1. Cα atoms only, the stretch 218-298: Rg and Dmax in Å?
2. What does the charge count near Ser357 come to, summing +1 for each Lys or Arg and -1 for each Asp or Glu among other residues with Cβ under 11 Å from its Cβ?
3. Given the C-alpha centroids of the stretch 254-326 and the stretch 183-214, what is the distance between them in whole angstrom?
4. Using a Cα-Cα cut-off of under 19 Å, which lysines could be cross-linked to Lys183, ignoring same-chain neighbours fewer than 8 residues away?
5. When Rg is the radius of gyration of the Cα atoms in the stretch 165-216 and Rh is its Kirkwood radius, what does Rg/Rh come to?
6. Helix 2-26 against the longest principal axis of the chain: what's the angle in degrees, Cα atoms only, rounded to the nearest 10?
7. Give the long-range amide H neighbours of Gly222: residues separated by 5 or more places, or on another chain, with amide H under 5 Å away, using H modelled in the peptide plane at 1.01 Å from N.
8. Can you give the Rg to Rh ratio of the stretch 73-186, both from alpha-carbon atoms, with Rh computed by the Kirkwood formula?
Amino acid sequence: MRIYFLLLMLAAAQFSCGQSQSKKNSEKYLLVGTYTSGKSDGIYVYKFNTQTGDFSQVSSAKTDNPSFITVSPNEKYVYAVAENGGDKGSIAAFSFDRKEGKLTLLNKQSSGGDHPCYVNIDKKGKWVTCGNYTGGSLAVFPVASDGSLKPAVEVIKHEGRSANSQRQEKAHVHSTIFSPDDKYLFVPDLGMDKVMIYSLDKNTGKLSAANPAFVATEPGSGPRHFTFHPSGKYAYLIQEMSGKVNAYSYNGNGQLTSIQSISAIPDNYTGSVGSADIHVSPDGKFLYASNRGESNTIAIFSIGEDGKLQVVGHQSTLGKTPRNFNFDPTGNFLLVANQNSNNIVIFKVDKKTGLLSPLSKQIEVPNPVCVKWASK
């Protein structure tokens, strides 16, 4: 009887340990960038369970207008824009304690232009790039051994305009996207209706114009965010002002070939257009794009073997101004940051159909605009 009891206790302990390990493996850190013009402190850190969608706040870091953030490949550092004008536009570097889930400021560097709205890092964690919207420029920063940022080694200011005299009176850089092999940098410019393409010297951080140096979009379209398919064979561009998604084939050598243009706006919609963000599901089967204005929807597309898109449907974001959204690392959930309703809505992803189903629980956070992830 005693042996039976001991075996029973051992089995229970192993089961409990397995459950604890499973929960630990399912938990990730969710990092949220915000605008601090309201009640926000800056960057918020949550624990998020990628199996259940449960969450709890861990910490926050006080910093000015971190409207876009990025996490280093080793997940030890976080970089955030300070989306301000004049000499107050900067990029901040933080160390990230994954045991405690806390951020500690390391340093700041001038962004090289007004209102930095995007920050990115290469796959080796060596170079950080930013895009300055009002300044119409981009910059490249070396990462020091302690994760802090050195002064920019490259600042390029775009010169140009396009069809809309009010919104495209000059260049407006909106994102800086590395190619899958980090050899090229793709820079959508809303003011110029172009995606500028640069070759990156991985040793010096210097940029030079690729051949061709850009791809042009339809006048008045307003290129905003850009993403690659997991296969690396295709790329997709969301255009803020026209609400269209441009699909491209990619040859791996900095060259894009247009294969499709398709609307992300719901049929019969007549309100203002303000498309914002774009992401491909981790399995490469579906593409999602957010629409602001009065639409407040996520467009869902299936992706064919040829990279072309077909509309699957449109999902209400259950909030106002879905500026940014992102998948959790498993692809089980899609989280939408609704800037002007102070909520992040959690959607369960149907991986067969691509459709989204909202959970009853939401994350209440002031002016959320950017969603990123890190491991525990």
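1. For the stretch 218-298, the Cα-based Rg and Dmax read 12.7, 40 Å.
2. On the way: positive: Lys348; negative: Asp350.
Spelling it out: positives minus negatives among the neighbours equals 0.
3. Each part's Cα centre sits 24 Å from the other's.
4. Cα-Cα hits under 19 Å: Lys123, Lys124, Lys126, Lys202, Lys206, Lys233.
5. Rg/Rh: 1.04.
6. Orientation of helix 2-26: about 10 degrees from the principal axis.
7. Hits under the 5 Å cutoff: Asp193, Met241.
8. Here Rg/Rh amounts to 1.01.
Bear in mind these aren't lab numbers, they're just calculated from the coordinates by the rules spelled out. Computed from a prediction, not measured in an experiment: that's the story for all the values here. A quick note on method: Cβ atoms are made from the backbone with ideal geometry, for glycine too, and the neighbour counts reach across all protein chains shown.
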